[in-house]
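Peer 1: Sharing a structure here in structure tokens format.
The values are calculated or read from the model by the stated rules, or taken from the named source; none is laboratory data. Treat the numbers as computed from the prediction; the structure is a model and nothing was measured. Counting neighbours? That spans all protein chains shown, and the Cβs are built from the backbone with ideal geometry, glycine included. Ligands, DNA and RNA are stripped out before the accessible areas are found, and what is left, the full protein with its side chains, is counted by its heavy atoms. Shrake-Rupley method; radii C 1.70, N 1.55, O 1.52, S 1.80 Å.
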Amino acid sequence: MKKFTMKDENFVCENCKRNVTKLNYTARDHCPYCLYSKHVDINPGDRLNTCMGMLVPIDIEKFKDTYKIIYKCEKCGMIHKNIAANDDNMNKIIELSMKEF
């Protein structure tokens, strides 16, 4: 099982430049407005990854009673998944589900 360090912090999204507030029920790991994230962790919340590339949302998959956002790092190419948050932009999630590659 992966190690998890609780890091629920406010931040400014580097993609859309909006202020993002804490999630307050688990660690916030992506922007709820544009869904972008940043490649900062090796294990969730550890902030030990030196890549620091932008994680671009490329797809979505069903996960239990919610969704996982699938990302590709634009710097190193790694594929990563994050569970969608309750306040994520549902229109963006729908757009991802309809995206053709």
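Peer 1: Scan segment 70-85 for residues that are open to solvent by 80 Å² or more (accessible area, probe 1.4 Å) and either outside any strand (DSSP E or B) or among the charged types (D, E, K, R) (or both) and jot them down.
Peer 2: 72, 74, 75, 78, 81
Peer 1: Among residues belonging to segment 3-47 that are part of a strand (DSSP E or B) and free of Cβ contacts under 8 Å to residues at least 40 places away in the same chain, point out the one that is most open to solvent (accessible area, probe 1.4 Å).
Peer 2: Within segment 3-47, the match that is most open to solvent (accessible area, probe 1.4 Å) is 19.
Peer 1: Return the total of residues in segment 48-60 being under 15 Å from the mean Cα position of the chain (by Cα) and open to solvent by 60 Å² or more (accessible area, probe 1.4 Å).
Peer 2: 1
Peer 1: Could you tell me which of the residues 88, 46 is under 26 Å from residue 99 (Cβ atoms) and among the charged types (D, E, K, R)?
Peer 2: When all the criteria are applied, what remains is 88.
Peer 1: Do we have residue 12 as of a type in the set (A, V, I, L, M, F, W, C), within 15 Å of the chain's Cα centre (by Cα) and farther than 17 Å from residue 92 by Cβ here?
Peer 2: So residue 12 passes the test.
Peer 1: State which residue is most open to solvent (accessible area, probe 1.4 Å) when the search covers only segment 86-100 and only residues that are without any contact (Cβ under 8 Å) to a residue 40 or more places away in the chain and not β-branched (Val, Ile, Thr).
Peer 2: This residue is 100.
Peer 1: Next question, about the same structure. Residues in segment 59-70: is at least one within 22 Å of residue 3 (Cβ to Cβ), touching a Leu at 6+ places or on another chain (Cβ under 6 Å) and among the aromatic types (Phe, Trp, Tyr)?
Peer 2: Checking segment 59-70: not a single residue is within 22 Å of residue 3 (Cβ to Cβ), touching a Leu at 6+ places or on another chain (Cβ under 6 Å) and among the aromatic types (Phe, Trp, Tyr).
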